[in-house]
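The values are calculated or read from the model by the stated rules, or taken from the named source; none is laboratory data. Just so we're clear, the structure is a prediction, and the values are computed from it rather than from any experiment. Positions of Cβ are generated from backbone atoms using ideal geometry, with glycine treated the same way; all protein chains shown enter the neighbour counts.
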Amino acid sequence: MSMMPYRLIGLVVLFAAGYAGAQGLEGRLESGPAQVLSLPVSGVIETVAVASGDRVEAGARLLALDARVYRAELRRAEAVLAEQEEVRAEARREWERAQELFDRTVMSERDLQLAKNAMLAAEATHAEAQAARTRAAWELEKSALEAPVAGRILALHAYPGQVVVSRDQAPPLLELLPAGRWLVRAGPGSGYRVGEAVRVRVGEADYAGRITRVRPVPDSSGAAEVVVGFSAADNADLQPGMPARVSRP
């Protein structure tokens, strides 16, 4: 699949041997965690548009359920909603006529209240029909799985004809490795804080990074493993295993 230019979002795994002073923390780039994708609705898989190893753009269709039931349900919900719109309109007209007659002292207050109750009931039924139509449209939309970000298909757990049951817990169908995401386990270092801005150097290039996790290392006198994230252009030519250095700006 063709790829549009994208920004490389990375996490760097750093294994520092010494104190994180002016020299910073040393480490190496590693591929980061994949996103596990699934569907929130149940059905039978009709098409799978990708294979393991494929590169995809954000928004690309990955797989789809047989949507005939969902399309039929949406048509039914739309028909019910159209009917209830007519019922609601008629109930409102009846209430307006009753109000006019009451103002002319031709109708009793009780009959006016009955007309109002009928209008309110029609409004409630119409609201339920609207909700059913919204739900049916959402389920039809969610019967197809699209890539949330650009990346590469790391693993595929779906095939045409597979029954997907998402009632209690949606099953994993795909694993997507977002473009340029790297994992960083940096450390041991001391004095680092989550959210702190740092500088990441890979080769001759420097990147603005930010600490996303700090985890104490057992029996290390307060030293901690540090996770750092950074972004780079898609032509940065970063590869797993490349050495990296993290330091404070």
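Table for the structure above
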quantity	calculated
Boolean, Ala236 is at pLDDT below 80, over 22 Å from the mean Cα position of the chain (by Cα), farther than 29 Å from Leu63 by Cα and in a loop (DSSP other than H, G, I, E, B)	yes
Pairs, first at negative phi and in contact (Cβ under 8 Å) with a residue 40 or more places away in the chain in the stretch 59-75, second among the hydroxyl-bearing types (Ser, Thr, Tyr) and assigned to a strand (DSSP E or B), C-beta under 7 Å, six or more apart	Leu63/Thr47; Ala64/Thr47
Residue check, Val106 over 23 Å from Val44 (Cβ atoms), among the aliphatic types (A, V, I, L, M), touching a strand residue (DSSP E or B) at 6+ places or on another chain (Cβ under 8 Å) and part of a loop (DSSP other than H, G, I, E, B)	no
Single match in Leu140, Leu145, Leu176 (criterion: touching a helix residue (DSSP H, G or I) at 6+ places or on another chain (Cβ under 8 Å), closer than 18 Å to Gly59 by Cα and either of a type in the set (A, V, I, L, M) or without any contact (Cβ under 8 Å) to a residue 24 or more places away in the chain (or both))	Leu140
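So that you can scan it fast, the table gives a plain yes or no per residue for (1) more than 30 Å from Ile45 (Cα to Cα); (2) out of contact with any Gly (no Cβ under 6 Å at 6 or more places or on another chain):
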site: Ser166; (1), (2): no, yes
site: Ala170; (1), (2): no, yes
site: Pro178; (1), (2): no, no
site: Gly195; (1), (2): yes, yes
site: Pro240; (1), (2): yes, yes
site: Ala244; (1), (2): yes, no
